[in-house]
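Asks: I'd like to ask some things about the structure below.
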Amino acid sequence: MNQKHIIKTSKFLSLVLRHKPQVIDAQLDPQGWIAVDTLLEKLAQAGRPLSRAELETIVRENNKKRFAFSEDGRRIRASQGHSISVELAYVPQEPPAMLYHGTAERFLESIFTTGLTKQRRHHVHLSAELATASQVGSRHGKLVILEVDSQAMQEAGHTFYCSENGVWLTEEVPVQYLKRQA
Ligand code: HQG
């Protein structure tokens, strides 16, 4: 598998495991899992054949560790980023004192009116690393980095979760905890 094919397949897997399992006539369980055998079978039937070894390569090499196998290796799911309803059983965790959110300049007016809201996902996504926030924000347009006072939020009773691949998640970030990075 070359790099291009890996990325293309990985994007298709994100679609299936986060947003639209129906595109390959598959179903996820309430926690977002699907049996690996079923997934491979459905992919083949949909004309997108993938071997177990190729799937393992994708899971291992994915730059953001978007997918995870169950402990016994029989099931797979996306670690975060779903738009369909799943219960990932995240455990609340204490965040670093400050987190970052990368976004596009054109969203700022709205963000500084209502705060960061989760849009079509289940949470607002934040990162501990500036580099990650920059990448995320650049996808949307002219990059702006927002600093989130996660310490003050936590003290005020907001809950934070950390996904298996290190993305920080929370319900919303009210305006008073946001600052545009100079
Ligand atoms: C913005 C990727 C207007 C928000 C990344 C963002 C991440 C508002 C966009 C993960 C707003 C939503 C998530 C408000 C938030 N008014 N705009 N009140 N509140 N926004 O893609 O955080 O590659 O749903 O700033 O790496 O960009 O998929 O969220 O620009 O971890 O694995 O609305 O997606 O991961 O965009 O990215 P998204 P995001 P994957």
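Asks: Kindly provide the set of residues from segment 81-111 that are of a type in the set (Gly, Ala, Ser), in contact with a helix residue (DSSP H, G or I) (Cβ under 6 Å, 6 or more places away or on another chain) and at pLDDT below 95, ordered by number.
Replies: Within segment 81-111, Gly81, Ser83 qualify.
Asks: Could you please find all residues in segment 117-156 being more than 12 Å from the ligand (Cβ to nearest atom), touching a residue at least 12 places away in the same chain (Cβ under 8 Å) and among the acidic types (Asp, Glu)?
Replies: Listed by number, the residues that qualify are Glu147, Asp149.
Asks: Scanning segment 55-77 for residues that are assigned to a helix (DSSP H, G or I) and within 21 Å of Cys162 (Cα to Cα), which turns out modelled with the lowest pLDDT?
Replies: Among those residues, the one meeting the criterion is Glu61.
Asks: Identify all residues within segment 82-116 that are near the ligand (Cβ under 9 Å from one of its atoms) and among the aliphatic types (A, V, I, L, M); write none if there are none.
Replies: Within segment 82-116, Ala104, Leu108, Ile111, Leu116 meet the criteria.
The values are calculated or read from the model by the stated rules, or taken from the named source; none is laboratory data. Keep in mind that this is a model prediction, so the values were computed, not measured. No Cβ is skipped: glycine too gets one built from the backbone with ideal geometry, and neighbour counts run over all protein chains shown.
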